[in-house]
Structure formats: C-alpha cells, structure tokens
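We did not get these values from a lab; they are worked out from the coordinates using the rules stated. Please read all numbers here as calculations on a predicted model, not as lab measurements.
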Amino acid sequence: MEFRAQARFMRVSPQKARLVLDLIKGRRVEEALNTLAFTKKRVAPTIEKLVRSAVENANYLATEKNIDVDVDNLYVKRAVANDGPRMKRIRPAPMGRAYRYVRRIAHIEIELAERGKNGAGLVQSVETHSAAAAPKKKAVAKKKSTAKKKAVAKK
C-alpha cells in the first residue's frame, strides 16, 4: 500500500527542491525526518511538513479502512519536484531597458510505502546484460582499426 501527499505551487525552484528530495529518497520515514530537521535549505521545513502529512495519511487510512500499517516500516518510495507555472517578471536595466527573469514554482510529491519484513522494496542486486556489453567491445575494436588506417594514410 502506498500513501501520498503533495504540495502544489510552492515558491521554490524545482531544481533546489530536488537537492533536498534526493537526500531522503529510499530512507525510512524516521531517518528522513531527522535528515530534514538538520538540513539548511529553505525548502527543508516544507518537505518535512509534507512527509509528516503523508505519515498522517497512512495513519488515517489505517484506521478508516482497517488496513494493517506499521508506521515504523514506512519508507520514502518516491519524492518528486515537478515544474509549476512560471511567473515572468521584468527588472529595470540601464538606459531605459528591461531584463526579463522567471520565478519558478514547484509541485512537490512524496509517496511512502511499507517495507516488508523480508526487506522487500530494497534493491537486492544489480543485473548486467551481456547483450549490452557486447556492442561496447565492438565499438572499441572499430576505433582501433580506424586509428591504424589513419596512421597508414599519413605515411
């Protein structure tokens, strides 16, 4: 089961919000809240409030729909900052001109999920595809052969 919370039209650049969101992705809720409490970014309290809201959504759904949710096993499954509408502004410039600039707005979404007792939700291993590795070897071989041809052509 997944529990969501979102904050829309936040007056922060999505790029700056992503810096903080990357700190908490994949972490347990308790650990994420501690990280946000000690992060010195202006958007950190907003994201902390959003994580707490998602936890309260989980508690509410647990009581309302009789779903068995262990709040201690919740982790941040997804944390995204998308672009909102941009506010175009004009700053006075020398000699009667004007410079345009953009004030960015972010839509921030947090999704929590419950991690199973067997560690479900964790990345167990990374798979490598042998087919993907084969073209790289061919590309290296082609580069070597073209280098030899060029060396021969110079003589």
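Values as computed for the structure displayed
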read-out: Other-chain or far-sequence residues with amide H under 5 Å of residue 84's (modelled H); value: 105, 106, 107
read-out: Among the listed pairs 41/77; 41/65; 16/49; 40/77, those beyond 26 Å (Cα-Cα); value: 41/65
